[in-house]
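This report refers to the structure that appears directly beneath it.
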Amino acid sequence: MGEGAKRLLPVKTPHPNPFPRGARGKVVAVQAGEYAGRVESYPVVRWMATGRGWLAGFLMSVWLMGWAQPVELLVQPLFGNRPSINGALPLLIEVRNRSGNLRGVVSVAQEGFSYQREYRYPLELPAGGRKRLIACPIVGDFGSFNIVVRFSAPGVSVEAQQPLSPIGEEDRLVVGVGDAIGGMQFLRTIKIRPRVSVMRPYSYSSYQREGTYEVAYCRSELFPPMAIACSGVSVIVLGAGAERMSAEQWQALLNWVRLGGTLIAPGGAGALYLQHPALQPLLPVQVQGLGELDSLRAVGAFCGQEPPAGRASVTLSRPAPDSAVLLQQNGVPLIATRSYGLGAIVFLAFSPWDQPMRSYGGNPAFWQALLQRVPDLPPSYYLTTLFRMQTGSDPNNWYYYGYGTPYRPLPSSSRFQVRLPSVELILGLLLVYFVLVVPVNYWVLRRLRALDWSWLTVPVIAVLFVLLLSRLAGDLYRKPLSGEVKTVLLMNAGDTGGYTVNSVQLFFPKAGVYDFRFDQCDLVEWGQQDQSFSVVGAPTRVSTVEIEPKRVEGYRVRSLSLQWFRYTRPVQLTGSVQSSLRVRRESGMLHLIGTIQNRLPYDLQRVELLIGGQSIPLGNLKAGGTLKVDQWAEPPGTPSRPRPHQPHGYLPGYPYPPEEPMLPVLPEIARQLHARWGGLLPCVLLTARANQPVLAPALGSAFESAAEVTYLVALPLRGE
């Protein structure tokens with residue numbers, strides 16, 4: 001063997017791997033040195049060293065870069081992943097584009113039993129850009145425990161899943177808004193009042209006896225600018241940094257209070273938000289500046305614990321009209337409350353985020369005593385109750401829990417009634433038709449020895465039954481596309497703005513695909529008259545385009561079908577309802593004295609006052625008119641009721657938690673509201689009927705509509 005042949009032999013190495021760790025640099029070195037033959041002996045390396053190898057490697061890298069997703073999808077729950085059933089789960093969705101210009105849609109959906117609710121957000125993404133949006137899907141009963149978020153564009157599809165774990169009816173959600181993160185974990189250790197159950201055929205709840213407060217935190221700049229996003233939140237506590245919220249965010253926050261939320265606004269050195277023009281006129285106090293107290297000994301007496309140690313920075317103030325001072329020290333109000341709509345605004349002179357309260361060992365007892373004196377139901381309870389009241393239900397499908405007289409839905413308006421043929425009648429006619437066509441027709445023709453005539457008798461019988469059915473349902477086919485809007489308008493006395501809960505029932509005489517448009521709405525939902533499960537012919541998928549105005553596109557219906565849509569939206573009125581009422585306790589009764597003025601440009605019919613489940617009729621109130629009030633009422637009763645029987649749906653002998661029912665009637669809402677105030681009576685509810693404002697959706701096809709508006713106005717009380 002020659003010297004040249006010997007140089008081509010491979011060199012043995014002690015390493016079993018021809019490319020040991022750190023050998024990349026050695027390979028490059030030997031290509032020009034004494035071991036060049038070693039490199040050439042491996043075909044892959046030899047091929048990569050050629051021009052074709054470099055070209056193939058370049059093409060491979062290009063393919064890998066193209067295979068990577070050009071869009072990144074990030075999903076962050078703003079209030080944690082433990083929402084309330086029938087409440088919203090606000091999600092911050094960020095879409096990052098790493099490719100060229102894209103025009104796509106972000107889809108947010110939760111699949112449930114025989115339905116899927118989808119929210120769609122059209123997006124235009126420039127090359128290299130990113131966009132954020134806040135989605136507020138409603139967490140429904142019997143839904144999957146995953147929210148699917150998907151971005152779709154031509155050639156691009158990215159998906160992310162957000163797991164969730166809904167809290168039961170016995171739990172409540174508290175959210176801190178501001179720069180402070182943490183410091184309220186102790187709320188999970190305190191007890192809450194007996195749970196409230198919205199009367200419905202099926203409920204999501206556990207068998208545990210006592211619930212807890214779940215705690216979440218949200219930065220001010222991320223607070224959602226729509227009230228429906230907070231529908232599952234019971235209490236919101238403001239902190240330093242909340243003053244940076246925009247006017248739209250503040251309006252959403254106050255609409256949430258109107259719907260039943262409790263807003264706690266602490267004072268202290270960093271409470272700049274107390275001077276915000278949206279919040280300042282609604283506070284239960286008039287802020288006068290900052291001061292210091294040697295100690296918060298009144299706080300210790302309030303909760304039955306040792307007082308916090310150390311000096312405290314407090315906000316000095318004086319009580320505002322229509323407010324109640326729960327705690328004061330040296331003439332300084334420390335805790336004051338004020339009703340606003342169905343909710344409450346609570347002022348604390350000190351900040352729970354600062355010392356000495358931050359490290360106070362009696363915090364659980366203090367918050368236990370405080371939350372027992374304010375309403376703590378999330379607005380989702382009132383929204384669900386109002387929707388039930390508007391849409392009605394079959395009383396035979398409800399569980400009554402042994403509370404006496406079962407709930408009866410409100411009768412339908414006489415201006416809009418559609419009676420479909422009963423299922424029993426249709427099935428009976430089909431059975432008679434089958435009997436006549438097959439056995440009777442065959443037997444008669446056989447006796448007459450004229451079986452050949454069956455080609456004539458069968459069509460004749462079919463035509464006769466078609467005529468009979470057209471006689472029964474022909475009027476329905478001739479009816480136009482019709483709808484009736486039912487609205488409950490929630491507002492506070494003296495306000496020109498309010499928040500509406502709307503339901504529209506639509507009758508479709510002919511099958512087809514329809515598009516709807518809803519102006520200025522926070523929430524648009526498809527509903528049914530019977531909420532138990534999907535009825536025959538009901539659509540199983542509904543998509544809403546979440547832009548302004550919101551649109552429901554491609555809604556498919558069958559002939560002679562009744563469909564419901566439910567939607568909420570803020571509204572501005574051209575007037576208000578004003579009141580000046582005082583209350584006194586005399587001989588165990590409440591004596592209401594004062595006036596109610598109608599500053600709206602239309603009449604209010606059937607005006608009533610609701611106090612703890614009692615209704616006091618006052619008659620009609622003309623536009624610009626005044627009603628004098630001099631009425632007696634019983635004080636609101638205790639929230640607990642006797643439970644004579646085991647609730648339906650629980651195993652016999654199995655322990656069940658105490659609970660309060662909320663029936664879908666307005667006096668029940670007033671009863672629950674006054675019971676949650678812990679003995680206080682800060683307001684009464686006024687209910688009235690009117691035919692304005694009409695907040696009907698826009699439909700591509702013309703349809704006849706009628707409206708019925710129910711006003712639910714919170715009237716503050718002065719006196720005891």
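Beyond 21 Å, how much of the Cα-Cα pair distribution for the range 259-374 remains, as a whole percent? The partial results should precede the final answer.
Numbers: 2077 of 6670 pairs.
When every Cα pair of the range 259-374 is considered, 31 percent fall beyond 21 Å.
For the set 313, 359, solvent exposure ranked by accessible area (probe 1.4 Å, protein chains only) runs largest to smallest as 359, 313. Put simply, when 236-245, 585-594, 605-614 are sorted by average Cβ atoms within 10 angstrom per residue, most first, you get 236-245, 605-614, 585-594. Kirkwood analysis of the Cα pair distances in the range 673-713 returns a hydrodynamic radius of 13.4 Å.
Using the average count of surrounding beta-carbon atoms within 10 Å as a protection proxy, the listed peptides 248-257, 434-443 rank, highest first, as 248-257, 434-443. Note on residue 691 and residue 330: the model spin-label points, each 7 Å out from Cα along the C-beta direction, lie 6.2 nm apart. Multiplying the residue separation of residue 434 and residue 219 by 0.36 nm and removing their Cα-Cα distance gives an extension gain of 70.6 nm. Legend: calculated FRET efficiency, residue 585 to residue 282, from the Cβ-Cβ distance at R0 = 25 Å, rounded to 0.05, equals 0.40.
A simple count of charges around residue 688, restricted to other residues whose Cβ falls under 12 Å of its Cβ and scoring Lys, Arg +1 and Asp, Glu -1, yields 0.
Taking a ≥ b ≥ c as the square roots of the eigenvalues of the alpha carbon gyration tensor, the range 436-522 is prolate, as a/c is not under 1.5 and a/b beats b/c. Here the Debye sum runs over all C-alpha atoms of the range 316-356 as equal scatterers in vacuum, and log10 of I(q)/I(0) at q = 0.21, 0.26, 0.35 Å⁻¹ comes out as -0.68, -0.92, -1.22.
Kirkwood radius, the range 151-193, all distinct C-alpha pairs, inverse of mean reciprocal distance: 14.7 Å. Taking all protein chains as they are arranged and a probe of 1.4 Å, the heavy atoms of residue 668 leave approximately 10 Å² accessible to solvent. The label-point distance for residue 468 and residue 426, in a model that sets each label 7 Å from Cα toward Cβ, rounds to 1.6 nm. The share of Cα pairs per 5 Å bin across the range 155-302, counted from zero up to the longest distance, runs 2, 8, 14, 18, 18, 15, 12, 8, 4, 2, 1, 0, 0, 0 percent. Peptides 185-193, 367-375 ranked from most to least packed, by the mean per-residue count of other Cβ atoms within 10 Å: 367-375, 185-193. Extension gain residue 453-residue 275, at 0.36 nm per residue separation less the Cα-Cα distance, in nm? This chain segment gains 54.9 nm when fully extended.
For the range 71-193, just say rounded, prolate or oblate: build the C-alpha gyration tensor, square-root its eigenvalues into a ≥ b ≥ c, call rounded for a/c under 1.5, and beyond that prolate if a/b exceeds b/c, oblate if not.
It comes out oblate by the Cα gyration axes.
FRET efficiency for the residue 620 to residue 248 pair, using the beta carbon distance and R₀ = 45 Å, is estimated at 0.75. The accessible surface of the range 274-330, taken with every protein chain in place and a 1.4 Å probe, is 48 percent carbon and sulfur.
The values are calculated or read from the model by the stated rules, or taken from the named source; none is laboratory data. Model, not experiment: these values are computed from the prediction. For neighbour counting, all protein chains shown are included, and Cβ atoms are generated from backbone atoms with ideal geometry for every residue, glycine included. Note: accessible area is taken over every heavy atom of the protein model, side chains too, but ligands, DNA and RNA are not part of it. Shrake-Rupley method; radii C 1.70, N 1.55, O 1.52, S 1.80 Å.
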